[in-house]
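What follows is a short report on a single structure.
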Amino acid sequence: MRIDLHAHSNVSDGTETPADVMASASRAGLDVVALTDHDSTAGWAEAAAAAATCGVALVPGMEVSCRTEEGISVHLLSYLHDPTHPGLLEEITKAKDSRLTRAERMVTILAEDYPLTWDDVIHHVAPGATLGRPHIADALVAAGVVEDRSEAFASILTSRSRYFIPHYAPDPATAVELVRAAGGVPVFAHPVASARGRIVGERTYREMIDAGLAGLEIDHRDNPEEGRDFLRKLAARHGLLITGSSDYHGTGKPNLLGENLTAPAMLERIEELGTGTAVVRP
Ligand code: AMP
Ligand code: FE
Ligand code: FE
Ligand code: ZN
């Protein structure tokens, strides 16, 4: 069984439609894939419809953007939650709306130094999609300012850049509680990805675990090896499940479907815990 539990479509910052992600999963030889767009479940129906024709099972999921009091970005994967749960829906809607104004403000100050307009950015965003820095990166690529998204994130768009503006995001422990309340299974995404920005300390782990954190995404290309050891010990100590996944974004990132995998026993645990919706089997 080849199981990859982290993939994005153009419902957020991936470059393929949800149906195309399912087709790509089939081509990558996956049996199971989770669609985990940022702050949105808008791709679930299309991906579920494609599951049968592609012969790949779909785990409906989402990646919730969070931020700690100290301003550290945390991504929380949610699997099998009820997409209509009002509390969770309210938080992701606030984040999505704030992402729009934040992107407009970033483009305003970027436009002082680079050939970039709001229309250039919108051109790269599917209707209703969750807006992020990757869409601004796409406009910078189109303008010839950078070669690809990675180059944009290494310079102009990093969280340490003077153009960076944060968006609204719930506290990680609050998000864990809401995912649980919605019947979902909360898994901390790429927890030790230090190249992306600051990573959380012991207190945030404790708060998230106390709030009902179910698992840790350990095998992810952005987690350095020494951090993975720490995560394995933490998982063992607290009985957390562990996952491995690609964080596929189509051509938006080098990450390839199936480059990391999750054990079948872990998916079983996720299915036992998740009560908000079900895995869609072909
Ligand atoms: P935002 O959500 O607007 O803060 O932007 C963060 C998103 O950018 C994350 O979801 C990543 O998928 C994406 N990202 C971060 N670093 C890179 C990179 N080096 N290349 C491409 N995409 C990236
Ligand atoms: Fe992303
Ligand atoms: Fe993430
Ligand atoms: Zn992701």
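The values are calculated or read from the model by the stated rules, or taken from the named source; none is laboratory data. Just so it is clear, the model here is predicted, and its values are computed rather than measured. Don't worry about glycine lacking a Cβ; one is built from the backbone with ideal geometry, like all the others, and counts go over all protein chains shown. What goes into the accessible areas is simple: the full protein's heavy atoms, side chains included, and nothing from ligands, DNA or RNA. Shrake-Rupley method; radii C 1.70, N 1.55, O 1.52, S 1.80 Å.
Side notes on the structure shown:
- Candidate set from the stretch 1-20 (those that are away from ligand 3 (no atom under 16 Å from the Cβ) and of a type in the set (A, V, I, L, M, F, W, C)); member that is surrounded by the most Cβ atoms within 10 Å (Cβ to Cβ): Ile3
- Residues (in a loop (DSSP other than H, G, I, E, B), away from ligand 2 (no atom under 16 Å from the Cβ) and under 17 Å from the mean Cα position of the chain (by Cα)) located in the stretch 135-175: Tyr168, Pro170, Asp171
- Just one of the listed residues (Thr262, Thr277) is in contact with a helix residue (DSSP H, G or I) (Cβ under 9 Å, 6 or more places away or on another chain), closer than 23 Å to Tyr205 by Cα and either open to solvent by 60 Å² or more (accessible area, probe 1.4 Å) or part of a loop (DSSP other than H, G, I, E, B) (or both), namely Thr262.
- Just one of the listed residues (Ala182, Ala193) is among the small types (Gly, Ala, Ser), in contact (Cβ under 8 Å) with a residue 24 or more places away in the chain, open to solvent by less than 10 Å² (accessible area, probe 1.4 Å) and touching a helix residue (DSSP H, G or I) at 6+ places or on another chain (Cβ under 6 Å), namely Ala182.
- Residues of the stretch 236-259 that turn out to be away from ligand 1 (no atom under 16 Å from the Cβ) and either surrounded by fewer than 16 Cβ atoms within 10 Å (Cβ to Cβ) or of a type in the set (S, T, N, Q) (or both), as a count: 5
- Subset of the stretch 196-235 [assigned to a strand (DSSP E or B) and open to solvent by 10 Å² or more (accessible area, probe 1.4 Å)]: Asp219
- Pick from the stretch 38-71, criterion assigned to a loop (DSSP other than H, G, I, E, B) and touching a strand residue (DSSP E or B) at 6+ places or on another chain (Cβ under 9 Å), ranking: surrounded by the fewest Cβ atoms within 10 Å (Cβ to Cβ): Thr68
- Picking from residues in the stretch 73-101 that are open to solvent by 10 Å² or more (accessible area, probe 1.4 Å) and hydrophobic (A, V, I, L, M, F, W, C), the one that is nearest to ligand 3 (Cβ to nearest atom) is Ile92.
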